[in-house]
Amino acid sequence: MGNDVKESAVRVREDAEAVLPSPVNSKSDHRQVLSSLLSGALAGALAKTAVAPLDRTKIIFQVSSKRFSAKEAFRLLYFTYLNEGFLSLWRGNSATMVRVVPYAAIQFSAHEEYKRILGHYYGFRGEALPPWPRLLAGALAGTTAASLTYPLDLVRARMAVTPKEMYSNIFHVFIRISREEGLKTLYHGFTPTVLGVIPYAGLSFFTYETLKSLHREYSGRPQPYPFERMIFGACAGLIGQSASYPLDVVRRRMQTAGVTGHPHASIAHTLRAIVREEGAVRGLYKGLSMNWLKGPIAVGISFTTFDLMQILLRHLQS
């Protein structure tokens, strides 16, 4: 009888230990999340700073009725430099950093968590996810990050298209928008942002993870070289941004309506206005060639930095 009670107690304890997470595993999970957050923040900051002048130029064309061309884009960059100075090419980059550091940190960290959750759900523990869950993990990560950081994206767009006399700093943008246009304006353009980020983030992460998986399969090497990661990231950026670009144009128009003279309108009304005034291709894909230049560079730097930081942090922890 006494032995039976002891055996039962041992079994209960073993079952409890199997169910409850061990302190070691919990500590490891926390380290993984912190590692992803730090790596993602650095990846986003480096990528966006590298292409900030091109990004600002693209936004200016997106929110105006000017016809885009490489020559006009170069002229705008050149005259901005002449009239306002070299550092003016990075105007709005401080707002970009305030937005992109938490955005990239949340997006990369969320992507790692969604991969783990979906991997457990589909029974792919420790292996590469199949295509559909891979696409879903990227889309969910982008949606999560966009939802949590959207007002910062709107502020950054406002600073990019206005003279520095209008808004002196990030806080001034928030104060003026809240006072003159209402707090709900801080989420104006949120719907096209989420609709655009689903294919953008989904296809970007999907393409990058797929190319890494194919590389492992055909090269026999567990990790690509840094320049190969850059190429994979560039391909991911090219595909993701091309798929979601018209919604990016609509989003910028809606975000900057209060300072460019365009009326606050719905997605459908903004789409119709752009097509009516500028044409479907010229209006909705205005500045896409600029994105084909800056997008692959930014996404390549971003993915490569994240992966290399993850590898470095794992080495430091071990």
Exception for Glu165 within (1) open to solvent by 60 Å² or more (accessible area, probe 1.4 Å); (2) assigned to a helix (DSSP H, G or I) falls at (2)
Failed criterion for Ser65 (all others in (1) part of a helix (DSSP H, G or I); (2) over 22 Å from Ala139 (Cα atoms); (3) of a type in the set (Ser, Thr, Tyr) hold)
(1)
Test Ala137 against the criterion of being closer than 22 Å to Thr49 by Cα, buried (at least 20 other Cβ atoms within 10 Å of the Cβ), modelled with pLDDT of 90 or more and within 21 Å of the chain's Cα centre (by Cα), and give yes or no.
no
Could you check the stretch 209-318 for helices (runs of 4 or more DSSP H) lying wholly inside it with 1 or more residues that are in contact (Cβ under 8 Å) with a residue 60 or more places away in the chain and within 19 Å of Thr193 (Cα to Cα)?
226-255, 257-260, 267-278, 288-317
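In the list Phe68, Phe108, which residue meets the criterion of being of a type in the set (Phe, Trp, Tyr), open to solvent by 30 Å² or more (accessible area, probe 1.4 Å) and out of contact with any Asp or Glu (no Cβ under 9 Å at 6 or more places or on another chain)?
After applying the criteria, what remains is Phe68.
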Residue set Ala95, Ala105, Ala128, Ala145; condition among the aliphatic types (A, V, I, L, M), modelled with pLDDT under 80 and closer than 30 Å to Ser168 by Cβ; output residue Ala95
Residues being part of a helix (DSSP H, G or I) and either within 15 Å of Leu129 (Cβ to Cβ) or free of Cβ contacts under 8 Å to residues at least 60 places away in the same chain (or both) - total across the stretch 177-194
9
Per-region count, the stretch 265-318, residues within 17 Å of Cys235 (Cβ to Cβ), open to solvent by less than 30 Å² (accessible area, probe 1.4 Å) and not acidic (Asp, Glu)
13
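The values are calculated or read from the model by the stated rules, or taken from the named source; none is laboratory data. None of these values were measured; they are calculated from a predicted model. Cβ sites come from the backbone with ideal geometry, for glycine too, and all protein chains shown count toward neighbours. With ligands, DNA and RNA removed, areas are computed over all heavy atoms of the protein, side chains included. Shrake-Rupley method; radii C 1.70, N 1.55, O 1.52, S 1.80 Å.
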